[in-house]
Amino acid sequence: MSITRRSLLIGAGAGVMAAPFSGAFGQKAEFNYKFAHNMPVTHPVNEQATAMADALRSETNGRLDLQIFPNSQLGNDTDTLSQLRSGGVEFFSLSGLILQTLVPAAGINGVGFAFPDYPSVWKAMDGDLGAHIRKEISKKGLIAMDKIWDNGFRQITTSTRPINKAEDLKGMKIRVPPSPMWTSIFKSLDASPTSINFAEVYSALQTKIVEAQENPLAIISTAKLYEVQKYLSITNHMWDGYWMLANRKAFEKLPADLQKLVSNKFNEAAVKERAATEALNTNLQKELADKGMTINQADTASLRAKLKSAGFYAEWKAKFGDEAWSILERYTGNLT
Ligand code: X2X
């Protein structure tokens with residue numbers, strides 16, 4: 001990394017970037033790996049990743065130095081996925097739905113209104129549905145750790161009007177992450193979705209390029225989206241999580257004992273991150289109201305009926321295929 005690039009990053013990260021491993025153990029690490037993610041420093045993803053990297057440094061006696069790069073510092077999600085594939089970045093956390101651009105099966109947990117609650121999500125993602133997705137991911141030269149991390153059930157925010165019924169979304173200029181599933185849901189709801197990476201979301205809302213976005217409460221709070229959005233409509237329209245991905249070659253360069261330790265640490269951190277994120281997603285409504293957001297519970301039956309009548313479920317059942325769809329429905333009940 002050049003001096004200029006480094007100082008730029010340190011400036012942008014306000015000093016929060018992990019310090020390069022500089023010899024608490026007296027020498028340079030044997031493996032210097034980067035872990036990039038798109039979350040603010042105060043989000044549980046970053047807190048747990050940072051704690052995990054500290055534990056890895058000490059438990060490997062400094063052999064493995066995993067540097068955490070929060071806030072899309074190394075590039076937006078689309079760029080970072082390319083870097084992960086080429087080996088420029090060794091670890092990256094990515095929403096399965098964005099990964100869908102490379103691994104079509106990975107979008108399946110984002111089917112609208114599929115999961116009723118967290119217990120059904122974890123049963124599916126720690127069970128056969130997650131196993132099916134990870135098998136597809138592994139065909140693309142990437143490794144996915146067993147336990148997916150929580151992003152959460154997603155809610156819609158807007159600067160213009162609350163969303164109650166499906167009609168309220170008509171023509172709404174809403175930002176969605178770059179993913180066929182996200183575009184499909186909001187097109188089916190007659191909104192006007194635009195794909196924008198998370199790194200550009202705050203400014204897109206601030207400059208009114210779009211009037212709306214959707215994310216779990218933990219993100220609306222930690223990324224301060226309440227500063228540029230007025231209405232928060234509780235829709236729970238899908239559940240989204242972060243696969244912890246590794247470049248296969250880089251991962252396999254680690255000796256077997258380190259590979260095992262790294263996998264274990266990622267999966268242990270997942271359990272803590274899930275608990276912390278779920279607590280935020282469940283409890284932040286009051287704080288967001290105090291910050292000035294107007295909150296309403298949307299009529300989700302109306303939204304779901306609109307998806308059905310638009311042919312959303314039939315379309316995605318055909319795309320994912322009968323086998324994958326039946327695995328999904330084992331955990332969600334009948335969706336079509
Ligand atoms: O891009 C988003 O909205 C985010 C942060 O939720 C994801 O990573 C999918």
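Okay, here's what the table says:
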quantity	calculated
Compactness of the chain, expressed as Rg and Dmax over alpha-carbon positions, Å	19.8, 64
Reachable lysines, given that their alpha-carbon falls under 16 Å from the alpha-carbon of LYS140 and they are not under 8 places away in the same chain	LYS249
Among beta bridges that DSSP assigns inside the chain, antiparallel share in %, nearest 5	55 percent
0 to 90° range, to nearest 10: angle between helix 300-309 axis and the chain longest Cα axis	80 degrees
Listed pairs LYS208/LYS230; LYS28/LYS253; LYS123/LYS308 exceeding 23 Å between Cα atoms	LYS123/LYS308
The range 87-177, relative contact order in percent, only Cα pairs under 8 angstrom and at least six apart counted	19 percent
Tilt relative to the chain, helix 44-59 - C-alpha long axis, 0 to 90 degrees, to 10	20 degrees
Probe 1.4 Å, all protein chains present, accessible-area order of THR207, THR157, largest first	THR207, THR157
Rounded percent of accessible protein surface that carbon and sulfur make up, the chain, 1.4 Å probe	52 percent
Exposure rank, largest accessible area first [GLU278, GLU273, GLU227, GLU323; 1.4 Å]	GLU323, GLU227, GLU278, GLU273
LYS230 accessible area, 1.4 Å probe, all protein chains in place, Å² to nearest 10	90 Å²
Accessible surface, the chain, averaged per residue in Å² (probe 1.4 Å)	40 Å²
Derived scalar couplings ³J(HN,Hα) [the range 120-126; Karplus, 6.51 cos²θ - 1.76 cosθ + 1.60; whole Hz; x for Gly, Pro]	5, 4, 5, 4, 6, 6, 8
Interchain or long-range residues, amide H under 5 Å from ILE295's placed H	LEU232
Accessible-area value, ARG161, 1.4 Å probe, nucleic acids and ligands omitted, Å²	80 Å²
Structure-based [θ]222 nm, the chain - -39500 (n - 2.57) summed over DSSP H runs of at least 4, per residue, nearest 500	-13000 deg cm²/dmol
Global form of the range 201-336, assessed from the alpha-carbon gyration tensor, a/c cut-off 1.5	oblate
From phi via Karplus (6.51, -1.76, 1.60), per-residue ³J(HN,Hα) for the range 97-111 in Hz, x at Gly/Pro	6, 6, 4, 3, 5, 9, 10, x, 4, 6, x, 5, 6, x, 3
Relative contact order of the chain, defined on C-alpha pairs under 8 angstrom at six or more residues apart (%)	23 percent
Rounded accessible area of ASP54 (nearest 10 Å², 1.4 Å probe)	80 Å²
Degrees, to the nearest 10: 256-283 long Cα axis against longest axis of the chain	40 degrees
Residues with amide H under 5 Å from that of VAL89, placed H, sequence gap 5 or more	LEU84
Cα coordinate range in the range 96-150, projected on the principal axes (Å, largest first)	32, 21, 17
Within straight-line cross-link reach of LYS260, aspartates and glutamates at Cα separation under 19 Å, skipping those fewer than 8 residues along the same chain	GLU30, ASP54, GLU59, ASP65, GLU90, ASP126, ASP146, GLU252, GLU268
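The values are calculated or read from the model by the stated rules, or taken from the named source; none is laboratory data. Every value quoted in this text rests on a predicted model; they were computed, and no experiment measured them. The protein model used for the area step is the full one, side chains on, heavy atoms only, and it has no ligands, DNA or RNA in it. Shrake-Rupley method; radii C 1.70, N 1.55, O 1.52, S 1.80 Å.
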